[in-house]
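S.K.: Pasting a structure below so you can have a look.
The values are calculated or read from the model by the stated rules, or taken from the named source; none is laboratory data. Because the structure is a prediction, the values reported are computed rather than measured. Note that each Cβ is placed from the backbone with ideal geometry, even for glycine, and that neighbours are counted across all protein chains shown.
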Amino acid sequence: MPLCKDGVFYLFHQRDTRKPGPFGEPFGWALARTTDFVSYDDLGEVLERGGDDDQDQFIFAGSVFEADRTFYAMYTGYNRDFKARGKASQVLMVATSPDLTTWTKTGQELVVPQPGYDPDDWRDPFVLWDDDTQRYVMILGARKVDGEKILTGRTVSFSSTDLRAWTFEGDFWAPGLYSMHEMPDLFRMGDYWYLLTTEYSDKSKTVYRMSRSLDGPWVAPADDAFDGRAYYAARSAAHGDQRYLFGWVPTKEDCDERRSWQWGGTLVVHEIMQRDDGSLGVVPPAGVVAAFSDPVTLPHALMTLQTSDSLAECVLAEESGEVFAFETTVRFTAGTRAFSLRLYEDKATGDGYEYRFSIPENRVSFDRRPNYPWYRYDNKGLERPITLTPERDYTITVIVDNSIATLYVDGVALNARAYDRPGRTIALDVIDGALEISRAEIRKGLRQTS
């Protein structure tokens with residue numbers, strides 16, 4: 001739940017103990033501050049949870065904003081015991097602060113679940129000021145109670161002129177596509193408004209819609225996401241003209257690649273960029289790239305891999321380490337079937353991981369290589385659409401931090417977990433075609449700071 005103030009990003013978040021997980025022990029909001037997305041000040045838990053008999057036994061998600069020289073936290077008070085008592089388990093609540101670090105709860109129940117909406121799925125408020133209507137707009141995730149129907153998730157909205165009395169405006173976006181809308185976000189960039197939501201009944205990732213009006217209609221771009229399955233609950237914040245996306249890369253149960261993704265994980269920040277057609281993409285933040293050591297050009301970086309009916313490959317780095325940034329520029333010929341960037345590979349066995357670009361499918365995916373004996377990696381959702389055009393340069397960047405690998409290419413990102421890491425080799429290959437490599441460099445480790 002990010003907010004930028006005077007160039008400093010305040011990142012409010014929940015720290016779940018997972019004893020058991022998720023939602024084992026009640027939690028409030030913790031806070032970390034950063035200016036470069038590399039170094040962080042950890043301020044611990046600043047908005048404390050209530051007691052076991054209080055509505056905010058857990059402090060679920062919300063948002064923070066400033067109005068009249070006061071900071072407001074609109075948050076979801078959740079009590080896991082209230083449903084059994086016939087009470088709404090999720091209610092929106094308010095806290096205020098003069099400095100973003102010291103918070104006072106007002107005790108106000110901001111808006112309770114409205115009639116016809118599920119009282120146990122009513123959360124994650126986001127508030128903004130609308131200059132056009134001179135009012136505050138608050139959106140949140142909800143779902144309708146409609147018999148036994150499952151896909152009734154929607155974003156609803158309220159309006160207010162004073163932050164105290166709120167008028168229910170009904171459904172803001174109700175596409176009938178998801179079981180629930182989590183972590184809605186709303187911002188304007190250029191001529192477009194963008195509405196973000198995170199869903200867990202289709203692809204389990206953050207998606208967005210775009211409109212020239214806050215009233216809609218909300219149009220889906222061809223690629224309506226920023227990342228894949230392993231990037232969740234993303235919210236944005238801006239500093240000047242630059243806007244950043246803050247989400248987490250989930251862990252897997254027991255760090256086992258065959259097992260399920262968990263709720264919660266490790267923060268990864270993307271910088272949002274706007275394309276000419278209004279659609280959005282992401283690139284690595286400049287601060288993250290600058291944190292790595294100076295680039296080293298890899299030997300044999302200028303070469304062409306070519307084959308007519310098989311795989312051709314080359315090793316570019318035999319010892320990558322476990323914290324590095326790798327970048328290469330490639331182009332492929334017409335008729336090429338696929339090419340791959342391989343990480344953490346054992347040079348002797350070929351055992352490792354790969355980002356594979358499937359050209360006829362216009363798709364990039366992440367998997368173990370080989371995923372054998374079946375199966376060693378549950379990679380469901382670790383894929384992204386990407387337009388792949390022959391005889392065009394593509395610059396591929398991968399930032400690796402131990403078990404987390406983050407791919408960037410042409411505004412498309414794909415995060416993944418790599419727990420086993422059998423080797424340290426980086427390689428490229430091509431299948432049924434030709435791949436020209438015009439540049440390849442690596443930055444090993446982080447710069448030393450005084």
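S.K.: How many residues are at negative phi, assigned to a loop (DSSP other than H, G, I, E, B) and touching a residue at least 40 places away in the same chain (Cβ under 8 Å) when one looks only at the stretch 210-225?
M.R.: The number of residues fulfilling the criteria is 5.
S.K.: Note down all Cβ pairs under 8 Å where the first residue falls in the stretch 29-46 and is on the phi > 0 side of the Ramachandran plot, the second is surrounded by 14 or more Cβ atoms within 10 Å (Cβ to Cβ), and they're at least six residues apart or on different chains.
M.R.: Going by the 8 Å Cβ cut-off, the qualifying pairs are PHE37/PHE9; PHE37/TYR244; PHE37/VAL269; PHE37/PRO285; PHE37/GLY287; PHE37/VAL288; GLY44/ALA30; GLY44/LEU31.
S.K.: Can you tell me which condition GLY107 does not meet? The list is (1) in contact with a strand residue (DSSP E or B) (Cβ under 6 Å, 6 or more places away or on another chain); (2) at pLDDT below 95; (3) not acidic (Asp, Glu), and all the others hold.
M.R.: Failing condition for GLY107: (1).
S.K.: All but one of (1) within 16 Å of GLY228 (Cα to Cα); (2) assigned to a strand (DSSP E or B) hold for GLU436; which doesn't?
M.R.: Unmet condition: (1).
S.K.: Which residue is surrounded by the fewest Cβ atoms within 10 Å (Cβ to Cβ), if the candidates are limited to the stretch 164-207 and must be farther than 17 Å from ALA225 by Cα and among the hydroxyl-bearing types (Ser, Thr, Tyr)?
M.R.: So the residue we want is THR167.
S.K.: Among the residues of the stretch 94-151, how many are of a type in the set (A, V, I, L, M, F, W, C) and part of a strand (DSSP E or B)?
M.R.: Number of matching residues: 12.
S.K.: Same structure again: Which one of PHE37, PHE27 is among the aromatic types (Phe, Trp, Tyr), surrounded by 14 or more Cβ atoms within 10 Å (Cβ to Cβ) and touching a Gly at 6+ places or on another chain (Cβ under 8 Å)? Step through it out loud before you land on a result.
M.R.: Details: PHE27 fails: touching a Gly at 6+ places or on another chain (Cβ under 8 Å).
Matching residue, one of PHE37, PHE27: PHE37.
S.K.: Which of the residues that make up the stretch 350-360 are over 13 Å from ARG421 (Cβ atoms) and part of a loop (DSSP other than H, G, I, E, B)? Steps first, answer last, please.
M.R.: We begin by selecting, within the stretch 350-360, every residue over 13 Å from ARG421 (Cβ atoms); these are 350, 354-360.
Those that are over 13 Å from ARG421 (Cβ atoms) and part of a loop (DSSP other than H, G, I, E, B): GLY350, ILE359, PRO360.
S.K.: Would you check which residues across the stretch 361-380 are of a type in the set (Asp, Glu) and either outside the structural domain of ILE396 (by TED's automatic domain parsing) or not in a loop (DSSP other than H, G, I, E, B) (or both) and list them?
M.R.: Result: ASP367, single match.
S.K.: Counting just the residues of the stretch 279-334 that are among the hydroxyl-bearing types (Ser, Thr, Tyr) and out of contact with any Asp or Glu (no Cβ under 8 Å at 6 or more places or on another chain), which one comes out surrounded by the fewest Cβ atoms within 10 Å (Cβ to Cβ)?
M.R.: Per the stated criteria, the residue is SER293.
S.K.: Restricting attention to the stretch 6-24, which residues are of a type outside the set (Asp, Glu), within 17 Å of GLN262 (Cα to Cα) and surrounded by 14 or more Cβ atoms within 10 Å (Cβ to Cβ)?
M.R.: Selection gives HIS13, GLN14, ARG18, GLY21, PHE23.
S.K.: Next question, about the same structure. Starting from the stretch 1-19, keep only residues that are farther than 12 Å from GLY62 by Cα and β-branched (Val, Ile, Thr), then list their pairs with residues that are surrounded by fewer than 18 Cβ atoms within 10 Å (Cβ to Cβ) and modelled with pLDDT of 95 or more whose Cβ atoms are within a distance under 7 Å, requiring at least 6 positions of separation or different chains.
M.R.: Hits for this filter: VAL8/ARG33; VAL8/THR35.
S.K.: Just to check your reading of the model, which residue among GLY335, GLY287, GLY281 is on the phi > 0 side of the Ramachandran plot and not acidic (Asp, Glu)?
M.R.: Within the list GLY335, GLY287, GLY281, the selection yields GLY335.
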